[in-house]
Amino acid sequence: MSADTGMSYRQNGCGYWHGKPWKPVEILAMVLGFIVYWPIGLAVLGWKFWQKKSGYPGDIISFGREKWEKWAHGSDRWGSAARNWAASGFGMGSTGNRAFDEWRATELARLEEERQKLVAAEREFAEFMENLRHARDREEFERFMDAHRNQQAPSGQ
């Protein structure tokens with residue numbers, strides 16, 4: 001048992017230094033990667049070593065899903081460029097109907113404003129959760145320090 005975390009260093013007879021065990025989808029991705037094009041298999045192998053070093057808990061599918069969602073929600077330059085292209089009417093010019101074009105522009109502007117509100121709310125919630133985690137960590141630390149002080153205090157006085 002670790003004195004600081006209360007967690008065992010061993011799980012299922014395998015030390016944590018070995019990392020998470022390979023999942024079938026990771027083995028399949030690596031083998032197929034080497035068969036199709038060797039750098040893909042090498043990339044999967046490198047990813048597994050990175051996972052071991054960083055302590056990332058998920059498998060390669062969840063990692064890819066997270067990166068896809070991050071890209072799709074525009075946290076990078078290309079995602080926001082794609083959104084701007086979509087907001088401009090999917091690259092369409094005027095339809096020839098001025099009333100429809102004006103309506104489409106106002107609706108797209110309204111939807112973009114709503115999206116911005118959702119992004120702001122999501123950011124605020126993430127900050128709230130971070131503060132909550134920080135408060136919980138501080139409380140656990142204070143509880144530990146109190147217990148630690150009580151253990152070191154002389155009991156015969």
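The values are calculated or read from the model by the stated rules, or taken from the named source; none is laboratory data. The structure presented is a predicted model; accordingly, all values stated were derived computationally and were not measured. What goes into the accessible areas is simple: the full protein's heavy atoms, side chains included, and nothing from ligands, DNA or RNA. Shrake-Rupley method; radii C 1.70, N 1.55, O 1.52, S 1.80 Å.
Quick notes on this one:
- For the listed residue pairs 23/53; 23/70; 48/70, the alpha carbons are over 19 angstrom apart in 23/70; 48/70.
- Approximate shape of segment 97-157 as ellipsoid semi-axes (Cα gyration tensor, √5λ), whole Å, largest first: 59, 4, 4
- Rounded to the nearest 10 Å², the accessible area of residue 122 at probe 1.4 Å: 130 Å²
- Applying 0.36 nm per residue to the separation of residue 131 and residue 145 and subtracting their alpha-carbon distance, the gain on full extension is 3.0 nm.
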